[in-house]
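Taking it in order: structure first as structure tokens, then the write-up.
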Amino acid sequence: PGDAGDNEPDLALAQFLDRMRHPPLSESWARMRGTVQHKADGQALIKAPIEVRALFSPRRTLAQLQFNDQERYSVAQTFSEGLKGTTVIREREAKTGEKTLSDLGIRPGDLTLSFLYWDFVEELPSQSLKTRRCRVLKLRNPAGDEEVVAWVTKSEAFPLRVSWYRVGETERYRELEFTGFEKQQDIWIVKRVQVYNRGWKTVLEFSDITI
């Protein structure tokens with residue numbers, strides 16, 4: 001995303017959360033094809049295809065995610081606070097013995113930003129990330145024992161980096177970064193995502209995008 005709004009005055013927190021959780025989407029769809037590469041210390045590189053088909057609207061995002069031509073999920077994210085707006089359904093499992101998305105550290109809800117709809121805990125001091133001014137928010141999963149710290153751009157209210165923690169712990173166990181973007185028909189599409197922690201890293205790269 002661009003930096004046109006980086007120098008504008010900060011929104012009040014409630015306004016910023018509302019903007020973050022209600023992106024200005026029009027009725028549109030996208031198909032994204034690419035690859036997933038996973039490397040863990042001491043293990044061979046794993047590479048497999050991934051495809052995401054998404055339907056956007058002002059109220060919600062619907063997506064179908066297929067990994068390695070086998071495992072398939074249907075994911076829905078309604079733009080409302082809390083887990084009631086998030087639905088993840090596994091439509092087809094991976095074949096016995098094949099690697100799954102979970103094995104590679106990926107959650108289907110990552111691509112619909114479901115963590116942004118967790119309960120707000122607190123706002124931390126603002127920081128710059130990759131030259132972008134970000135508000136830093138802590139959010140807690142209302143159904144579990146995990147929290148995230150999200151670096152969210154002030155101009156677009158879009159997360160660039162997200163760190164996962166167990167509640168009460170200070171060492172992260174998972175990190176996600178959105179590192180590549182492409183704008184098509186006034187929609188910002190994520191082209192590259194990396195998820196990692198100590199000892200492993202997974203990169204999703206979309207090379208074939210149709211809006």
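The values are calculated or read from the model by the stated rules, or taken from the named source; none is laboratory data. Keep in mind that this is a model prediction, so the values were computed, not measured. Positions of Cβ are generated from backbone atoms using ideal geometry, with glycine treated the same way; all protein chains shown enter the neighbour counts. Calculation scope for accessible area: heavy atoms of the full protein, side chains included, ligands and nucleic acids excluded. Shrake-Rupley method; radii C 1.70, N 1.55, O 1.52, S 1.80 Å.
For the reader, a short list of remarks on this structure follows.
- Within the range 147-158, the set of residues being at pLDDT below 95 and part of a strand (DSSP E or B) comprises Thr153 only.
- Close pairs from the range 84-112: first at positive phi, partner among the basic types (Lys, Arg) and not in a loop (DSSP other than H, G, I, E, B), Cβ under 8 Å, at least 6 apart: Gly105/Arg174
- Test result for Leu116, touching a Pro at 6+ places or on another chain (Cβ under 8 Å) and within 19 Å of Thr179 (Cβ to Cβ): yes
- Test for Leu111: is it open to solvent by less than 70 Å² (accessible area, probe 1.4 Å), at pLDDT below 90 and outside any strand (DSSP E or B): yes
- No other residue among Ala14, Ala40 is open to solvent by less than 80 Å² (accessible area, probe 1.4 Å), of a type outside the set (Lys, Arg), over 22 Å from Val75 (Cα atoms) and touching a strand residue (DSSP E or B) at 6+ places or on another chain (Cβ under 6 Å) apart from Ala40.
- Ser102 within 21 Å of Arg166 (Cβ to Cβ) and open to solvent by 30 Å² or more (accessible area, probe 1.4 Å): yes
- Selection of the range 54-113 for residues being over 28 Å from Gly199 (Cβ atoms) and of a type in the set (Gly, Ala, Ser) yields Ala54, Ser57, Ala63, Ser74, Ala76, Ser80, Gly82, Gly85.
- All positions within the range 16-42 that are at pLDDT 95 or above and among the polar types (S, T, N, Q): Thr35, Gln37
- Yes/no for Ser126 being over 27 Å from Asp208 (Cβ atoms) and open to solvent by 20 Å² or more (accessible area, probe 1.4 Å): yes
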